[in-house]
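Written out below as structure tokens is the structure these notes cover.
The values are calculated or read from the model by the stated rules, or taken from the named source; none is laboratory data. Keep in mind it's a predicted model, so treat the numbers as computed, not measured. As a convention, Cβ positions derive from the backbone with ideal geometry for all residues, glycine included, and neighbour counts pool all protein chains shown.
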């Protein structure tokens, strides 16, 4: 059975909702049942943002995730808030550029990546979400990186086409970086 419950969390402006939405599109394109639940504060940038993505080959009955398989923490407040809902054996993926504290969990797999720095090296720190998505795909092994690339190409609006190549490079960079650790 294929089934994952993933929480993406960080500040508004980090592309949290976009990251989750792209994963939901990939799962949908692969024929899975999907639910994407965005949540964000009233601020556009700098406030909190998170989303929950559930995909499964079985029915998905609720958009809420109480016991996540994966938590992506793009900042320290997100790690503190969401690491406690991880299932034992789950994956905690941390943006080490913004999280300077050790997680409290010892019963989960922890991956730390300097995704902001990696994206900046590629030319745009705003692609940190794509570095993270690539790392997530490698950590879970749920989908081939090529499937994610196809979705990003098809879902990039004309107004953002100038970011397409850097986003694809960032995705591949994150995938390669974490594939070495898995």
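Does residue 96 fit the bill of being in contact with a helix residue (DSSP H, G or I) (Cβ under 9 Å, 6 or more places away or on another chain) and within 20 Å of residue 145 (Cα to Cα)?
no
Name every residue in region 135-166 that is surrounded by fewer than 13 Cβ atoms within 10 Å (Cβ to Cβ) and in contact with a strand residue (DSSP E or B) (Cβ under 6 Å, 6 or more places away or on another chain), in order of residue number.
Matches in region 135-166: none.
Any residue that is buried (at least 22 other Cβ atoms within 10 Å of the Cβ) and at pLDDT 95 or above - is there at least one of those in region 99-114?
Looking through region 99-114, at least one residue is buried (at least 22 other Cβ atoms within 10 Å of the Cβ) and at pLDDT 95 or above.
Restricting to region 145-160, give me the number of residues that are part of a helix (DSSP H, G or I), without any contact (Cβ under 8 Å) to a residue 12 or more places away in the chain and within 23 Å of residue 116 (Cβ to Cβ).
Summing the residues that are part of a helix (DSSP H, G or I), without any contact (Cβ under 8 Å) to a residue 12 or more places away in the chain and within 23 Å of residue 116 (Cβ to Cβ) in region 145-160 gives 1.
Hey, among 177, 119, 128, 170, which residue is closer than 18 Å to residue 16 by Cβ, assigned to a helix (DSSP H, G or I) and touching a strand residue (DSSP E or B) at 6+ places or on another chain (Cβ under 8 Å)?
Exactly one of 177, 119, 128, 170 is closer than 18 Å to residue 16 by Cβ, assigned to a helix (DSSP H, G or I) and touching a strand residue (DSSP E or B) at 6+ places or on another chain (Cβ under 8 Å), namely 128.
In this structure, is residue 82 crowded, with 16+ Cβ neighbours inside 10 Å and part of a helix (DSSP H, G or I)?
yes
Just give me the residues in region 45-74 being over 16 Å from residue 8 (Cβ atoms) and in a strand (DSSP E or B), in sequence order.
56
Could you please let me know if residue 91 is touching a helix residue (DSSP H, G or I) at 6+ places or on another chain (Cβ under 9 Å), assigned to a loop (DSSP other than H, G, I, E, B), modelled with pLDDT of 95 or more and crowded, with 18+ Cβ neighbours inside 10 Å?
no
For region 66-79, which residues satisfy the criterion of being farther than 22 Å from residue 134 by Cβ and either buried (at least 20 other Cβ atoms within 10 Å of the Cβ) or in contact with a helix residue (DSSP H, G or I) (Cβ under 7 Å, 6 or more places away or on another chain) (or both)?
Answer for region 66-79, where residues must be farther than 22 Å from residue 134 by Cβ and either buried (at least 20 other Cβ atoms within 10 Å of the Cβ) or in contact with a helix residue (DSSP H, G or I) (Cβ under 7 Å, 6 or more places away or on another chain) (or both): 66, 67.
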